[in-house]
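Okay, so here's the structure we're looking at.
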Amino acid sequence: MTPEHDWNRLAWWQWAAPLGGAMLVGAKAGGLAAPGSALFIVAAVALLGGAVFAAVHHAEVLAVRIGEPFGSILLALAITTIEVGLIIALMIAGAAGSDTVARDTVFSVVMIVLNGIVGLCLVMGSARHFEQAFRVQGAAAILSVIATLAIMAFVLPNVTRTTAGPTFASSQLLFVDIAALSLYALFVYVQTFRHREDFLIDDGATLHGAPPTNRSTLISALFLTVSLVVVILLAKALSPAVEAAVAQAGLPQTVVGVVIAMVVLLPEGLTAVKAARRNRLQTSLNASLGSALASIGLTIPIVGAVSLYLDVPLVLGLPPESTALLLLTLFISTITFATGRTTILQGGVHLVIFGIFVLLTAVP
């Protein structure tokens, strides 16, 4: 995204991918497409990828129109909508590992964001600009909420005494749902009104071109809705093939959660890296950390409510090795965001931790 970016220009794929995906979903619903056929899988994967990128583009158009930090929040909500839809679809399907898919997906989002995306942003940004600055108050605020919600959702289930396994009792899950939503809402209030300046850096740089017109905004709002629906339905149609491929490869079931996280975070990650390379680290952190926060603060409560309403099992507690990795990530992130300036060394540390996460996930 360059300073002279034309937000009123609609590339052909930004409307063709959502519409093509909608046609494929309609063909499947009408029995005209075989979900297990190679042609269907190839077409669905291609259209799914295009629809994800189209969704993020149209969300960006709306974000530019409403300004920061509202734009970062909107992007995070768009990504979270996709994530929640995929998780609920797998939970309702009741396949093997469906009780842990929410935990695996959200935990993967946290690891990918705090280590993979942040590490890559710091390395590529510092390699180009030597050191980069951001507001400590904003980064610390986001990280404090992420840490609280992550420990509450993924660690406390292992130490509660009312259940036999790494799960919450119904009353405990209800409290976690309410607490997570309340804390996320409080953070959004602080970010957008009470202390909005903590999440902005006014360095005189021009990030966006001319704002979208009313017509462009309405078109993007329409295609954003279509894109989100298409992504959820296509991913649901592809989920049996993904699960079968994971099982056939002999990989752990947690890989399914990682795949979902990668699908929804890829466009957001690319956007964050581009911002870091333009020396807009604050914007990069707002987008990336905001996605991780929305993933925990919204996905866990919604999935928890679905679990309680439909009486389907929900395992949230992490195994010991993942718990240790989560604690290490939060500790290193606290050090990284403590000074307001970053170097390539800090990015390298985060990327190493991300490599450990990948190895732990891929090894049966």
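Evaluate the following for Gly165: is it over 18 Å from the mean Cα position of the chain (by Cα) and more than 20 Å from Phe107 (Cα to Cα)? Here the answer is no, as Gly165 does not meet what is asked. Where helices (runs of 4 or more DSSP H) fall entirely within region 248-353, those with at least 1 residues that are open to solvent by 40 Å² or more (accessible area, probe 1.4 Å) and either within 28 Å of Ala235 (Cβ to Cβ) or modelled with pLDDT of 85 or more (or both) are at 254-277, 300-310, 320-336. Of all residues in region 237-254, those that are free of Cβ contacts under 8 Å to residues at least 60 places away in the same chain and over 17 Å from Ala93 (Cβ atoms) have Cβ atoms under 9 Å from Cβ atoms of residues that are of a type outside the set (Lys, Arg) and surrounded by 14 or more Cβ atoms within 10 Å (Cβ to Cβ), 6 or more apart or on another chain, in Ala249/Val255.
Is region 199-212 home to any residue that is under 21 Å from the mean Cα position of the chain (by Cα), modelled with pLDDT under 90 and within 27 Å of Arg135 (Cβ to Cβ)? There is at least one residue in region 199-212 that is under 21 Å from the mean Cα position of the chain (by Cα), modelled with pLDDT under 90 and within 27 Å of Arg135 (Cβ to Cβ).
Going by what's in this entry, would Ala141 be described as free of Cβ contacts under 8 Å to residues at least 60 places away in the same chain, outside any loop (DSSP other than H, G, I, E, B) and surrounded by 17 or more Cβ atoms within 10 Å (Cβ to Cβ)? Let's see the steps before the verdict.
Values: free of Cβ contacts under 8 Å to residues at least 60 places away in the same chain: yes; outside any loop (DSSP other than H, G, I, E, B): yes; surrounded by 17 or more Cβ atoms within 10 Å (Cβ to Cβ): yes.
Yes, satisfied.
Looking only at region 146-180, which residues are in a helix (DSSP H, G or I) and over 19 Å from Val303 (Cα atoms)?
Pass one, region 146-180, residues in a helix (DSSP H, G or I): 146-154, 156-158, 170-180.
Of everything in region 146-180, just one residue is in a helix (DSSP H, G or I) and over 19 Å from Val303 (Cα atoms), namely Ala147.
Against the numbered list (1) open to solvent by less than 60 Å² (accessible area, probe 1.4 Å); (2) closer than 26 Å to Met262 by Cβ; (3) modelled with pLDDT of 90 or more; (4) of a type in the set (S, T, N, Q), Gln172 comes up short only at (2).
The values are calculated or read from the model by the stated rules, or taken from the named source; none is laboratory data. Just so it is clear, the structure is predicted and the values come from calculations on it, not from any experiment. Cβ sites come from the backbone with ideal geometry, for glycine too, and all protein chains shown count toward neighbours. The protein model used for the area step is the full one, side chains on, heavy atoms only, and it has no ligands, DNA or RNA in it. Shrake-Rupley method; radii C 1.70, N 1.55, O 1.52, S 1.80 Å.
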